[in-house]
Amino acid sequence: MTSEVFSIFGSSKVAYTSGTCSGAIVTSGFLNLASEIWTDSSGNAAWTSGYAPNTIRIPKGTALKIWESKIAVNGGNGAVNMEMSTDSGATYRTVGLDAHSDNSGFSVKSIRRSGRPIVIQSPEGDTMVRFVFVVDTVAPGGIFAEYNAEIVELTQ
Amino acid sequence: MSVVDKYGLVKDNELLTVYYPSTNKAMVFRVITRQNKEFETIDYGTLPLTAGDSLVTYEGAVATVLTTGVMPARSYTTGKEFAFGNDIWDPSDMFFVPYTWNDRVFHVKTYVKPGFIRVGLQIPVGVNQSRFQKERVIGGVNYQTGFGYKFGEMETVHMPEIHYGYMFGNDTNLSLVTGVKFVYGEYIVKIPNSASLIFDVLSKSYPAHWVGLPITTADSTITQSLKKTWGFDGFSVYPNLKRDQAIQEYSAILKSQDVVSKGVLM
């Protein structure tokens with residue numbers, strides 16, 4: 001197959017408060033992500049029932065490469081964390097973690113990962129990758145996130 | 001010197017071999033020219049999925065297409081044909097032509113976006129052809145067995161008088177915005193009237209572009225469509241040691257009234 005290069009992105013359309021994470025599931029305060037290749041009528045990713053928010057099922061026999069990730073926060077009040085994880089059975093294992101704590105109030109902060117990609121293989125088609133943002137009190141438009149990603153066949 | 005051009009399509013006056021694994025036979029064509037020279041690409045648009053269509057999911061449920069061209073999460077579809085307006089011979093299938101059009105074959109390379117959509121082919125439409133361990137396991141886009149499909153692209157040759165069915169599958173949990181591009185050649189073809197040349201092509205000692213159709217089980221529809229179109233259902237592929245037997249057989253085919261009467265030899 002031809003490598004599929006695309007971006008995964010999202011910005012806060014509403015105010016987020018009291019972001020919490022309970023086990024594998026982000027229960028509130030999460031940012032919905034979209035992409036140019038998947039969407040629903042609201043412009044956000046349409047997550048299939050039964051999956052945690054912002055969780056992508058990587059096609060069988062392919063791998064997801066994350067080449068770069070960026071997050072910008074304006075007006076964050078409290079901790080801001082960004083995390084990528086894969087699903088292994090009932091728990092998520094962290095495969096790439098960009099964590100950032102920001103208590104500086106109204107400044108713009110960013111986290112960037114670039115260079116060698118994070119590779120998440122899915123030989124059986126049951127590998128999940130989860131994109132998590134946990135923020136505490138962010139105004140609408142106060143957070144923006146983007147991943148430059150690629151899906152390739154495992155044989156490539 | 002390659003027999004194909006930058007698109008992977010057969011150049012004028014070169015040979016195209018279409019191989020049928022189920023019968024170990026092949027059709028050999030000389031491509032006289034290409035009707036769509038310089039216009040080899042059709043940006044078709046989205047996959048033929050219309051809002052309201054019901055697709056089956058890999059979990060066995062039903063998924064409704066909410067937006068035309070958007071493939072629901074975990075869904076697949078089979079037996080798809082591509083429409084192309086009302087002026088084509090069969091408005092529901094742009095690559096179908098009748099047996100009387102035996103001077104035409106369509107060499108089609110299909111590219112689907114995003115590239116991780118499963119793509120498969122049914123020949124004839126409705127018949128999955130991929131098998132594992134003889135007839136024990138059937139493969140295809142619509143099975144979770146994990147074989148019988150490709151990702152995002154497919155090359156085939158559409159022969160007259162037979163409908164092919166395309167299969168597409170989305171095994172992610174996301175609804176996907178789709179797109180299709182065809183790179184194709186509408187070839188004007190003749191069958192070489194030389195048994196020795198046919199043998200040289202099939203023994204790989206004379207250059208030709210080979211396309212193997214994913215046909216592993218004999219289907220009378222395929223055989224009948226070939227005979228109806230060209231008067232025979234292909235040249236048997238022989239090993240080099242059986243050259244005399246092969247040429248004798250090919251000569252008999254090329255001289256048979258069924259083939260001669262079709263006016264396809266040159």
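Which cross-chain or sequence-distant (5 or more) residues have an amide H under 5 Å from the amide H of residue B:99, H modelled 1.01 Å from N in plane?
Close amide H contacts, sequence-distant or interchain: B:161.
May I ask you to list the aspartates and glutamates whose Cα is less than 12 Å away from that of residue B:80, ignoring any residue fewer than eight positions away on the same chain?
B:93
How far is helix B:243-255 tilted off the main Cα axis of chain B, in degrees rounded to 10, range 0 to 90?
80
So what is the relative contact order of the stretch B:15-261, in percent, for Cα pairs below 8 Å that sit 6 or more residues apart?
Rounded, it is 29 percent for the stretch B:15-261.
Going by amide H atoms built from the backbone, whose H comes under 5 Å of the H on residue B:4, apart from near neighbours?
Counting only residues 5 or more places away or on other chains, the set is B:11.
Explain nothing, just compute: Karplus ³J(HN,Hα) = 6.51 cos²θ - 1.76 cosθ + 1.60, θ = phi - 60°, for every residue of the stretch B:145-159 in order, whole Hz, x for Gly and Pro.
The phi angles translate into 5, x, 8, x, 7, 10, 9, x, 8, 7, 10, 8, 10, 8, 8 Hz.
Restrict the search to the stretch B:27-116; then list the trypsin sites (Lys or Arg not before Pro) that DSSP places in a loop and that have at most 13 other Cβ atoms within 10 Å of their Cβ.
Of the trypsin sites (Lys or Arg not before Pro), the ones in loops of the stretch B:27-116 whose Cβ has at most 13 other Cβ atoms within 10 Å are B:37.
After finding the eigenvalues of the alpha carbon gyration tensor for the stretch B:61-184, what semi-axes result from the square roots of 5 times each, listed largest first in whole Å?
25, 19, 12
Mind scanning B:190/B:255; B:242/B:262; B:37/B:181 and naming the pairs with a C-alpha gap bigger than 25 Å?
B:242/B:262
What are the residues whose amide H is under 5 Å from the amide H of residue B:131, where those residues sit 5 or more places off or on another chain and H is modelled from the backbone?
Result for residue B:131 returns B:139.
For the residue pair residue B:193 and residue B:245, what label-to-label distance in nm results when each label sits 7 Å from Cα along the Cα-to-beta-carbon direction?
Using points 7 Å along Cα→Cβ, the separation is 2.9 nm.
What average count of beta carbons from other chains do you get within 10 Å of the Cβ of residues in A:55-65?
Taking all residues of A:55-65 together, the mean is 4.
Kindly write out, for the stretch B:42-59 in residue order, the coupling ³J(HN,Hα) from the Karplus curve 6.51 cos²θ - 1.76 cosθ + 1.60 (θ = phi - 60°), rounded to whole Hz, with x marking Gly and Pro.
For the stretch B:42-59, the Karplus curve yields 10, 7, 5, x, 7, 4, x, 10, 9, 3, x, 4, 9, 10, 9, 9, 5, 8 Hz.
Since every read-out is calculated from the coordinates, none of them should be taken as a lab result. Quick caveat: nothing in here was measured; it's all calculated off a predicted structure. Positions of Cβ are backbone-derived with ideal geometry, glycine not excepted, and every protein chain shown enters the neighbour counts.
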